1. P(r) for the range 284-340, please, calculated from all Cα pair distances in 10 Å bins and given in %.
2. Lysines within cross-link reach of K123: Cα-Cα under 27 Å, excluding same-chain residues under 8 positions apart?
3. Quote the FRET efficiency, to the nearest 0.05, computed for Q54 versus S289 with a Förster distance R0 of 25 Å and r equal to the Cβ-Cβ distance.
4. Using a simple spin-label model with points 7 Å from Cα along the Cα→Cβ vector, what separation in nm is obtained for M205 and D274?
5. Which percent of the accessible area of the chain is formed by carbon and sulfur heavy atoms (probe 1.4 angstrom)?
6. Check which residues have an amide H placed less than 5 Å from L260's amide H, if you skip close sequence neighbours.
7. Which FRET efficiency, nearest 0.05, do R300 and D217 yield, Cβ-Cβ r, R0 22 Å?
8. Where a Cα-Cα gap under 23 Å defines reach, which lysines qualify for K32, not counting those fewer than 8 residues away within the same chain?
Amino acid sequence: MAARARKSAPKKAVDHALLGSIPAPEPAKLSKDEELKAYRDMLLIRRFEEKAGQLYGMGQIGGFCHLYIGQEAVVTGIQMNMNDGDQMITAYRDHGHMLAMGMESRGVMAELTGRSDGYSRGKGGSMHMFSREKNFYGGHGIVGAQVSLGTGLAFANKYRDNGNVSVSFCGDGAANQGQVYESFNMAALWKLPTIYVIENNRYAMGTSTKRHAAQLDFSMRGVSFGIPGIQVDGMDVRAVKSASEYALNHCRNGDGPIILEMMTYRYRGHSMSDPAKYRTKDEVQKMRSEQDPIEQVKQRIIAEKLATEDDLKVIDKEIREIVVDAAEFAQNSPEPDVSELYTDILL
Ligand SMILES: Cc1ncc(C[n+]2csc(CCOP(=O)(O)OP(=O)(O)O)c2C)c(N)n1
Ligand SMILES: [Mg+2]
């Protein structure tokens, strides 16, 4: 009976626009101050992470360490629109998110090196840092888990009626996890104020999206829940800014969750040990030379005469000093005392 009913059902073309995917808004026109801030913020992330990579090579950082280099425009463009009470949560590729949320580079580097002045007193490492003061809720090593936690933050915001939005980041690989869809369902059902940012950097460890995803348009992943999605050029901080402004307004207007798929790319390996056999050097080089997010801003600043090469060199020098200072601070910070071995951990 049911089979007959299905057979006779009229075939309808799927209207993606009605179901959820909406066109990306025009890239934002950034003011001089915004362009310079974007340049500075992205450069801080990049230089900080280059230093972290060096320290790892020197054996100063142990355990896991996942670099965000190449993806800087995503978190920078989103943070530009966030209000003070809005929260951020992400996975293990998290140093850029922490710096964007205003966490101290000294405290982040000290945590990376396992020192007592680190944000988790040296016991969390690269993947597990938090700052309630800065509304950064981690740093999570379980792929996809942070999406459910971010949905919980949104539930609390709605319950408290405080007008805040939670922004949960996850990767393209994480977007295949079951709990992500449980979260989508609840967020849509309860119209929770939350943005799901899927950072599509084209690989989950060594597996390309083509090999792990049945549906490559991640902005459509909320369709069956009625969650709209936007596919965004995540290498262009202006495009990220305008899309996230739209998304934040959507949430603050009480329209429930929204997905932003950020088309981005990581230049470095998945983590510090990555054989890099799954892509060619040319592919990486092409992205770096044609779409680098920092270079794009730099070119605009120069072309529009918002600042000179020399002005930018002054910023570069300041950033280098911040990073050198963070590394020195971290290396001079003591290791956690042995008496701390069993404190603040789950046994
Ligand atoms: C539940 C779970 N399964 C598997 C892993 C191992 N793992 C760590 S990172 C990763 C790939 C995730 O890729 P993606 O979500 O695209 O994020 P990216 O590393 O590209 O930022 C996997 C499978 C894990 N940490 N947690
Ligand atoms: Mg990925």
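1. Using 10 Å bins, I get a P(r) of 19, 27, 27, 15, 10, 2 for the range 284-340.
2. Output for K123: K51, K134.
3. On the way: r = 23 Å, r/R0 = 0.93.
Using R0 = 25 Å, I get an efficiency of 0.60.
4. Result: 1.3 nm between the two label points.
5. 52 percent
6. Here the answer is Y196, V197, I198, I230, since their amide H atoms fall under 5 Å of that of L260.
7. Numbers: r = 29 Å, r/R0 = 1.31.
E(calc), rounded to 0.05, equals 0.15.
8. Cα-Cα hits under 23 Å: K241, K298, K305, K313, K317.
The values are calculated or read from the model by the stated rules, or taken from the named source; none is laboratory data. Every value quoted in this text rests on a predicted model; they were computed, and no experiment measured them. When we count neighbours, we look across all protein chains shown, and the Cβ atoms used for this are built from the backbone with ideal geometry, even at glycine. These area figures cover heavy atoms from the full protein model, side chains too; ligands, DNA and RNA do not enter into them. Shrake-Rupley method; radii C 1.70, N 1.55, O 1.52, S 1.80 Å.
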